[in-house]
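To start, the structure itself, in structure tokens.
The values are calculated or read from the model by the stated rules, or taken from the named source; none is laboratory data. This is a predicted model, so every value here is computed, not measured. Cβ atoms come from the backbone with ideal geometry, glycine included; neighbour counts cover every protein chain shown. Surface areas here come from the heavy atoms of the whole protein model, side chains and all, with no ligands, DNA or RNA. Shrake-Rupley method; radii C 1.70, N 1.55, O 1.52, S 1.80 Å.
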Amino acid sequence: MSRSGLMAPSLLADWASVSARIQSSRRVAVLLDFDGTLVKIAPRPDQVRLAPATRRALMRLARHPRVTIAVISGRRRSELLRLIALEGIQYFGLYGWESRLHCALPASALTALRRARMQLSIHLSSICGLWMEDKGFTLSVHLIEVSPQEQLRARRKLRSVLLRYKKTLRVIDNLRDVEIVPRCMLGKGVAVQHFLATPALSQALPFYFGDDLSDEPAFKAVRDGISIRVGTARLTAARYSLRGPASVAEVLTRMEAALH
């Protein structure tokens, strides 16, 4: 059931019923975003740290025989492996597209990304606080330090510049950045659907935790599972909400306890 356009109630307030579903499920699939969900948002991507309590909760849950854990992020997979560094977890970078160490893109997409970056660096250079991150296969335009009024101008200008690349590239809007990706990267919703369609997870109870606009398709993809919007209250398709990464760690700990 979609909750699009509604404010999500607290997961902790309804924990008794959620816990009962965990206890009655033969398998549980736990899918998590990274930035803003497992770690607090930082001004720069290299400044985030996984809190010890979150690391312990993930490690214990990953060891449970009835649990499958995956992290699905806009970051590169290599970054997730380095920042989390836990076995028993599946890592998917670039919104679920990058599922292994060696991936390849068509030459046309790489050329379009290179040209788009050059043009955006010119057209967006006057916007104070904006900076671009080249991830090799995608391009992030970071707006976390840009004023709200200037963010609107940046987003409009970015879309205008990218019109000429619409057959090759697409835009993923987030709360604090805009991601330019090749069209073959279909996003987290499709990634979650494919992941849950594997035979081992066909009867699993799915959870998805995320904080950003790019997580909204993933909330819908878990269907009658448990979707959780992390962060300040806003309209969402998620069934439940949590205040921040510390609350996510608490829920992961509670999940592990409910499985015994």
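Computed values, structure above
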quantity	calculated
Computed lengthening from VAL171 to SER202, 0.36 nm per intervening residue step minus Cα-Cα distance	8.0 nm
Coordinate range along principal axes, alpha carbons of the stretch 132-219, Å, largest first	46, 28, 19
Prolate/oblate/rounded label for the stretch 109-148 (Cα gyration tensor, a/c 1.5)	oblate
Accessible area in square angstrom per residue, the chain, 1.4 angstrom probe	48 Å²
Counted charge near ARG170, where neighbours are those whose Cβ lies closer than 12 Å (Asp, Glu -1; Lys, Arg +1)	+2
Using θ = phi - 60° and Karplus 6.51 cos²θ - 1.76 cosθ + 1.60, couplings along the stretch 102-110 (whole Hz; Gly, Pro as x)	10, 10, 9, 10, x, 4, 5, 5, 5
Listed residues GLY244, GLY129, GLY189, most fluctuating in the chain (Gaussian network, C-alpha, under 10 Å)	GLY129
Segment GLN90-VAL190, length gained on full extension (0.36 nm per residue, minus Cα span)	34.4 nm
In Hz, Karplus ³J(HN,Hα) per residue of the stretch 116-133 (6.51, -1.76, 1.60; θ = phi - 60°; x = Gly, Pro)	4, 4, 4, 6, 5, 4, 7, 6, 9, 5, 7, 8, 5, x, 7, 8, 10, 10
Euclidean distance between Cα centres, the stretch 9-23 to the stretch 158-193, Å	34 Å
Pairs of lysine residues in the chain - Cα separation under 22 Å, sequence separation of 8 or more or cross-chain	11
Built amide H within the under 5 Å cut-off of LEU38, gap 5+	none
Distant-in-sequence amide H partners of SER147 (H built 1.01 Å from N, under 5 Å)	none
Candidates ILE127, ILE22, ILE180: whichever shows maximal mean-square fluctuation once the chain is modelled as a Gaussian network with Cα springs under 10 Å	ILE127
Simple Cβ-charge dipole of the stretch 1-146, Lys/Arg +1 and Asp/Glu -1, about Cα centre, in debye nearest 20	520 debye
Charge dipole (debye, nearest 20) of the chain; +1 at Cβ of Lys and Arg, -1 at Cβ of Asp and Glu	500 debye
Heavy-atom accessible surface of the chain: percent carbon and sulfur, 1.4 Å	55 percent
Candidates ILE122, ILE69, ILE144: whichever shows maximal mean-square fluctuation once the chain is modelled as a Gaussian network with Cα springs under 10 Å	ILE122
Amide H within-cut-off set for LEU32, under 5 Å, with H built and near neighbours excluded	ALA70, VAL71, ILE72, PHE209
J(HN,Hα) series, the stretch 236-252, from Karplus relation 6.51 cos²θ - 1.76 cosθ + 1.60, nearest Hz, glycine and proline x	7, 8, 5, 6, 9, 9, 9, 6, x, x, 5, 5, 4, 4, 4, 5, 4
The chain - Rg and Dmax from Cα coordinates, angstrom	18.5, 57
Residue-averaged [θ]222 nm for the chain, counting only DSSP H segments that reach four residues, each worth -39500 (n - 2.57)	-10500 deg cm²/dmol
Alpha-carbon centroids, the stretch 209-247 and the stretch 68-135: separation in whole Å	22 Å
FRET efficiency, 1/(1 + (r/R0)^6) with R0 22 Å, evaluated for ILE144 and ARG164 via beta carbons	0.20
Pairwise FRET efficiency - LEU12 versus ASP224, Cβ, R0 = 30 Å, nearest 0.05	0.90
